[in-house]
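These notes concern the structure reproduced below.
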Amino acid sequence: MFSARVAAAFARSVPRPGGLISRNTLGVASVAARNIHASKSHFQRTGTAEVSSILEERILGADTSAELEETGRVLSIGDGIARVYGLRNVQAEEMVEFSSGLKGMSLNLEPDNVGVVVFGNDRLIKEGDVVKRTGAIVDVPVGEELLGRVVDALGNPIDGKSSFTSKTRRRVGLKAPGIIPRISVREPMQTGIKAVDSLVPIGRGQRELIIGDRQTGKTSIAIDTIINQKRFNDGVDEKKKLYCIYVAIGQKRSTVAQLVKRLTDADAMKYTIVVSATASDAAPLQYLAPYSGCSMGEYFRDNGKHALIIYDDLSKQAVAYRQMSLLLRRPPGREAYPGDVFYLHSRLLERAAKMNDSFGGGSLTALPVIETQAGDVSAYIPTNVISITDGQVGRLIYQYRIIEWGTITSLSLLATPFLMQPRTVGLPGCKRTLMAHVQLLVHQDPQVLLHKAAFKEIFPQFV
């Protein structure tokens with residue numbers, strides 16, 4: 001019936017010479033009717049999904065393909081993850097901009113959409129909003145202008161002071177230096193803590209893990225190390241100066257404010273950069289903050305200067321990365337972490353290095369912090385970071401048990417593997433370190449027995 005009506009309408013629309021219908025006209029009408037009838041039966045046989053795909057192919061064949069390569073539209077938004085249709089030419093880890101002004105980073109490049117993590121409050125984004133490419137991989141401002149400032153994970157000042165005028169920027173995801181530019185660690189880095197400097201000496205350009213439970217003084221040793229560099233930075237010798245970058249990940253805003261006040265009172269902010277990604281910030285910002293701080297430290301390293309970066313702490317960065325990966329529908333692994341969580345930390349910590357004289361002779365020292373649960377250092381994230389850092393010098397283990405025994409610091413030196421470095425502290429320093437370890441071992445064994453018998457210690461513990 002459908003074909004007959006269409007054929008009749010087609011026949012009426014054709015002019016009739018002399019009031020008669022020619023054979024050609026009837027032939028054309030019958031062919032059109034058969035084609036329409038065939039297409040109708042074809043669409044009836046196909047499903048709804050196939051029809052939508054056919055329509056999508058015809059729509060994509062229009063002239064709007066150029067716009068879809070550079071722009072896109074939000075299909076869905078929620079939990080800091082946006083699914084964007086379009087953006088065919090977008091690169092991995094490229095910065096994109098939403099119509100509301102928020103920035104994001106493309107992580108999942110799928111055939112029909114792009115998974116974008118949002119750097120901010122996703123409530124400002126709605127379905128159908130336009131997303132534009134920026135053509136630039138995520139980068140942050142670097143330089144000495146950032147010293148004394150508090151910035152977020154994108155390098156924007158959040159301390160209420162003026163904005164930056166420097167045009168120097170650096171990508172956050174740069175590769176670590178290779179073998180040729182590096183040289184063995186040979187210069188000591190003084191932390192100002194006698195137990196660390198005498199028993200576990202740290203050199204400029206190495207990675208030293210600080211691991212322990214909460215409220216055991218992990219942040220204190222990091223802050224004391226920053227404050228101790230004041231005597232070197234007040235001097236005129238540029239080779240002895242050590243610029244510091246403190247990255248706060250997942251901490252309370254009040255805690256970061258107290259930390260900045262302590263550094264300001266100690267006159268240590270003039271050579272320090274604080275990168276803050278607090279617990280109230282989005283998970284993508286907590287994931288990005290360590291890489292942003294590392295790029296700021298690499299500026300000093302590549303210009304022949306020395307820098308120290310503290311990641312406090314990488315456990316919270318791993319949790320933020322797990323949240324992002326699960327929302328992006330990536331397959332989970334052990335403890336629901338994604339399969340590349342080891343690469344997450346290894347590519348970050350490998351950027352700490354001591355460069356040879358041909359590449360400026362600078363260095364970047366890393367002090368990552370890891371929080372354990374009930375002293376369990378065999379969990380997934382602690383074992384990952386231990387395997388990355390332990391091969392160089394060792395780890396500083398903080399324990400509640402040592403605090404209960406009455407020591408000033410909770411540094412468990414006997415549980416800390418150490419590697420004597422003649423290049424760093426010299427042969428006399430190695431001898432002093434060995435003698436101190438023997439003395440501490442002889443002294444602490446009786447203390448363990450006294451503690452088990454609930455006796456009061458006879459002598460104060462050696463620190």
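Laboratory data are not the source of any read-out in this text; all were calculated from the coordinates shown. Bear in mind the structure is a predicted one, so any value in this text is a computation, not a measurement. FYI the Cβ positions are ideal-geometry reconstructions off the backbone, even for glycines, and counts take in every protein chain you see.
Express in whole angstrom the spacing between the alpha-carbon centres of the stretch 305-321 and the stretch 139-159.
About 16 Å separates the Cα centre of the stretch 305-321 from the one of the stretch 139-159.
Would you mind counting up the charge near LYS218? Only other residues with Cβ under 10 Å from its Cβ, with Lys and Arg at +1 and Asp and Glu at -1. Please report the intermediate quantities before stating the final value.
On the way: positive: ARG214; negative: ASP213, ASP312, ASP313, GLU371.
Neighbourhood net charge equals -3.
Quick check on packing: order 383-389, 193-199 by the mean number of other C-beta atoms within 10 Å, highest mean leading. If you can, show how the numbers build up before the last one.
Working: 383-389: 19.4, 193-199: 17.9.
Peptide ranking by packing, descending: 383-389, 193-199.
Taking a cut-off of 25 Å, what percent of all Cα-Cα pairs in the stretch 111-216 are separated by more than that?
On the way: 3114 of 5565 pairs.
When every Cα pair of the stretch 111-216 is considered, 56 percent fall beyond 25 Å.
Less than 14 Å Cβ to Cβ from THR264, Lys/Arg counted +1 and Asp/Glu -1: what total charge do the surrounding residues give? Don't skip to the end; give the middle numbers.
Values: positive: ARG149, LYS161, LYS230, LYS261, ARG262, LYS270; negative: ASP159, ASP265, ASP267.
The answer is +3.
Explain nothing, just compute: Karplus ³J(HN,Hα) = 6.51 cos²θ - 1.76 cosθ + 1.60, θ = phi - 60°, for every residue of the stretch 220-234 in order, whole Hz, x for Gly and Pro.
In residue order, the calculated couplings are 4, 5, 5, 5, 4, 5, 5, 5, 5, 7, 4, 5, 7, 6, 6 Hz.
Picking from LEU102, ALA92, SER76, whose Cα lies most toward the positive end of the charge dipole for the stretch 65-137 (charges on Cβ: Lys, Arg +1; Asp, Glu -1)?
Positive-most Cα among the choices belongs to LEU102.
Can you count the Lys pairs in the stretch 217-374 with C-alpha separation below 19 Å, eight or more apart or on different chains?
Taking the stretch 217-374 as the scope, the lysine pair count is 23.
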